[in-house]
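The values are calculated or read from the model by the stated rules, or taken from the named source; none is laboratory data. Being a predicted model, the structure only gives us computed values, none of them experimental. Cβ sites come from the backbone with ideal geometry, for glycine too, and all protein chains shown count toward neighbours. Only protein heavy atoms, including side chains, enter the accessible area calculation; ligands, DNA and RNA are left aside. Shrake-Rupley method; radii C 1.70, N 1.55, O 1.52, S 1.80 Å.
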Amino acid sequence: MTYVEKTHRFGLLTPSSNTVQEPEFSAALPPSVSLHTGRVAYRDITPQEQMRCVLELESESRKLGDAEVDVIVFAATAPTLANGMGYDRELIKPMVAFMQASGFEVVNSEVAGYVASIELGRTGPQAAYALGRRADRPDADAIIMPGGNWPAMSMVEKLERELGKPVLANNAVSLWAGLRLLKRGDGIAGYGVLLREHLAR
């Protein structure tokens with residue numbers, strides 16, 4: 001095995017039930033950037049778990065600090081199914097309202113319909129691809145795919161080619177934000193236009 005000098009340490013805080021972020025981040029990070037992960041307790045998708053998760057952020061960040069990481073990213077979106085089936089449709093309403101209040105027009109929204117985070121992590125990239133295709137509309141300028149345990153990164157490039165517009169997956173955007181903080185301007189191919197062309201400041 002060839003030794004590659006690590007010039008940066010990338011800290012990732014992820015929910016304890018997440019099975020997607022570490023493999024996706026490891027695959028996409030440049031060889032000179034090492035990944036260091038901390039976990040916050042989050043197994044059952046309930047408001048109580050959500051609050052406990054937030055309370056653990058500081059202590060888990062301090063632990064990552066012991067490894068002298070250069071940046072810490074908490075790559076998790078708000079849980080969408082805290083109250084069981086159908087709750088995702090209720091929670092999507094304020095997310096749409098937030099986008100609209102920020103100056104974006106939301107032309108369509110779709111939900112995955114999973115009840116537990118671990119189930120979402122088992123879906124596979126094809127389910128993310130199908131949802132991305134289903135969400136698209138001719139008048140949409142971009143597709144946004146939130147959810148850190150949603151295995152969408154490997155489908156971003158394919159969706160962008162087929163739909164002719166940017167696709168912003170949660171983990172790709174989180175990587176982009178962290179690498180920009182590290183001032184890493186070298187593009188990363190294979191995960192869409194954001195990581196390929198928009199890392200340079």
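H198 to E119: FRET efficiency via 1/(1 + (r/R0)^6), r the Cβ-Cβ distance, R0 25 Å, to the nearest 0.05?
Calculated value: 0.20.
Quick check: pseudo-label points 7 Å beyond the Cα along Cα→Cβ at A140 and K158, how many nm apart are they?
1.7
How would you order 163-171, 51-59 from highest to lowest mean count of nearby Cβ atoms within 10 Å?
Highest-to-lowest ranking by the protection proxy: 163-171, 51-59.
Please list the three semi-axes, largest first and in whole Å, of the ellipsoid equivalent to the chain, using sqrt of 5 times the eigenvalues of its alpha carbon gyration tensor.
After scaling each eigenvalue by five and taking roots: 27, 23, 15 Å.
Counting only protein chains, not ligands or nucleic acids, how are K63, K158 ordered by accessible area (probe 1.4 Å), most first?
K63, K158
Report the dimensions of segment 32-71 along its three principal axes from the alpha-carbon atoms, largest first, rounded to Å.
37, 17, 11
Quick one: if the Förster radius is 25 Å, what FRET efficiency do S32 and R62 give, using the C-beta to C-beta distance and rounding to 0.05?
0.50
Of L163, G192, V173, which is farthest on the positive side of the dipole of segment 153-201, counting Cα position, with +1 on Lys and Arg Cβ, -1 on Asp and Glu Cβ, and the Cα centre as origin?
Going by the Cα projections, it comes out as V173.
Tell me, what is the per residue accessible area of the chain in Å², probe radius 1.4 Å?
Value returned for the chain: 54 Å² of accessible area per residue.
Is any helix in the chain, taking whole DSSP H runs, at least 20 angstrom long along its axis by alpha carbon and on average at least 1.6 on the Kyte-Doolittle scale, and which ones?
Answer set is empty.
I want to make sure I understand the PRE zone here: with the label point 7 angstrom from the Cα of S109 toward its beta carbon, which residues in segment 144-188 have backbone N atoms less than 16 Å away?
The answer is 144-147, whose backbone nitrogens lie closer than 16 Å to the label point.
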